[in-house]
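Undergrad: Sharing a structure here in structure tokens format.
The values are calculated or read from the model by the stated rules, or taken from the named source; none is laboratory data. Quick caveat: nothing in here was measured; it's all calculated off a predicted structure. Here the Cβ is made from the backbone with ideal geometry for all residues, glycine too, and neighbour counts use every protein chain on show.
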Amino acid sequence: MASRFIIITGMSGAGRSEAIRAFEDLGYFCVDNLPPSLAAKFAELANRSPDVHGAALGMDIRGGSFFPELAQVLDELDAQGTSYEILFLEADEETLIHRYKLSRRRHPLEAGSRLVEAIRQERAALEELRGRADLVIDTSGLTPLQLRQRLNDAFRLQETVPFQIRLVSFGFKHGLPKDADLVFDVRFLPNPHYVPELHALTGNEGEVDAYVMGFPLARETLERLSELLDFLIPQFHSEGKPVVTVAVGCTGGQHRSVVFANRLASHLKNGGHAVWVEHRDLPPRTGEV
């Protein structure tokens, strides 16, 4: 059942699409540009679904019947006892003109008029809806990241999937992980591949872990990488990223990188983080650490 139902609307060009993406990352079920006449049904379906913890509906000014229909929808939601919140996004005239010039898109009301006139017409038409909003955000001076942070603070769900860290071991000879946010190279450490009794094993085996971590250089490297991640991970979290992928590579992805991915994952979990480990170039064996 949806604990929160958000209607996202406001000035065209004020950041509704960015807001929709932010709500998706917060765990909301989102639909954009749904006709106003279907909004009440959407809210009803969201409330019925046990898997939907929050729902967000993006609506804009397209269509001449937008305002009468939207007003009717809000009245219907009130009448049926559906709890909802209206988020209204706006920006000053100069900012909107600049954004439209950059995007090279037409304003919904621009047909037969100048852009500035379309913006002013829309602002006047939305004045009543703005007055009904639970939260108004002026995005004029906000970057997309800052807008996301504002939305995170105001609309975060308790049921939202927590911030997660994905640790990936890999072999450079098989290529870099394309989705990595951070990549660490541990090929400078002694290689168990050349130790006959360790060659056929992997970094998941205790013997390989003991061999790799038996070198002072490996222990110092682990300590320094752990300290670096302790500093960097909160920076990624505050930026609003739901998942950060940390990749550790050695030559083949069998020994050293596996040891370090496991060790770093354990360190991060001990720090209270949700961590997922993937040894990309080993036979499938993934799991939460």
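Undergrad: Restricting to the stretch 236-264, and then to whatever is at pLDDT 90 or above and under 21 Å from the mean Cα position of the chain (by Cα), can you tell me which residue is farthest from F23 (Cα to Cα)?
TA: Taking the stretch 236-264 and keeping what is at pLDDT 90 or above, we get 244-264.
Within this subset, residues satisfying the condition of being under 21 Å from the mean Cα position of the chain (by Cα) are 244-247.
Working: V244: 18, T245: 21, V246: 25, A247: 28 Å.
Checked the stretch 236-264; the qualifying residue farthest from F23 (Cα to Cα) is A247.
Undergrad: Test S257 against the stated conditions and say whether it is farther than 30 Å from R150 by Cβ and in contact (Cβ under 8 Å) with a residue 60 or more places away in the chain.
TA: Yes: the conditions hold for S257.
Undergrad: Pairs needed: first member in the stretch 164-176, on the phi < 0 side of the Ramachandran plot; second member anywhere, part of a strand (DSSP E or B) and among the polar types (S, T, N, Q); C-beta distance under 9 Å; at least 6 residues apart or different chains.
TA: Once the first residue is on the phi < 0 side of the Ramachandran plot and sits in the stretch 164-176, its partners that are part of a strand (DSSP E or B) and among the polar types (S, T, N, Q) give I165/T245; R166/T245; L167/T245; V168/T245.
Undergrad: I need the full set of residues from the stretch 191-214 which are in contact (Cβ under 8 Å) with a residue 60 or more places away in the chain and surrounded by fewer than 20 Cβ atoms within 10 Å (Cβ to Cβ), in order please.
TA: N191, H193, N204
Undergrad: Please count how many residues of the stretch 177-234 are over 35 Å from the mean Cα position of the chain (by Cα) and of a type in the set (V, I, T).
TA: Count: 3.
Undergrad: Between E18, E93, which is out of contact with any strand residue (DSSP E or B) (no Cβ under 8 Å at 6 or more places or on another chain) and touching a residue at least 60 places away in the same chain (Cβ under 8 Å)?
TA: Every option except E18 fails the conditions.
Undergrad: May I ask you to list the residues in the stretch 194-225 that are out of contact with any Phe, Trp or Tyr (no Cβ under 9 Å at 6 or more places or on another chain), of a type in the set (S, T, Y) and not in a loop (DSSP other than H, G, I, E, B)?
TA: Listed by number, the residues that qualify are Y194, Y211.
Undergrad: Yes or no: the stretch 252-259 includes at least one residue that is charged (D, E, K, R), in contact with a Ser or Thr (Cβ under 9 Å, 6 or more places away or on another chain) and outside the structural domain of L145 (by TED's automatic domain parsing).
TA: Within the stretch 252-259 (the criterion being charged (D, E, K, R), in contact with a Ser or Thr (Cβ under 9 Å, 6 or more places away or on another chain) and outside the structural domain of L145 (by TED's automatic domain parsing)), the answer is yes, since at least one residue qualifies.
Undergrad: Among helices (runs of 4 or more DSSP H) lying entirely in the stretch 35-150, which contain 3 or more residues that are within 16 Å of I8 (Cα to Cα) and modelled with pLDDT under 80?
TA: Those helices (runs of 4 or more DSSP H) span 66-79.
Undergrad: While we're here: Can you confirm whether the stretch 165-186 contains a residue that is assigned to a helix (DSSP H, G or I) and touching an Asp or Glu at 6+ places or on another chain (Cβ under 6 Å)?
TA: Within the stretch 165-186 (the criterion being assigned to a helix (DSSP H, G or I) and touching an Asp or Glu at 6+ places or on another chain (Cβ under 6 Å)), the answer is yes, since at least one residue qualifies.
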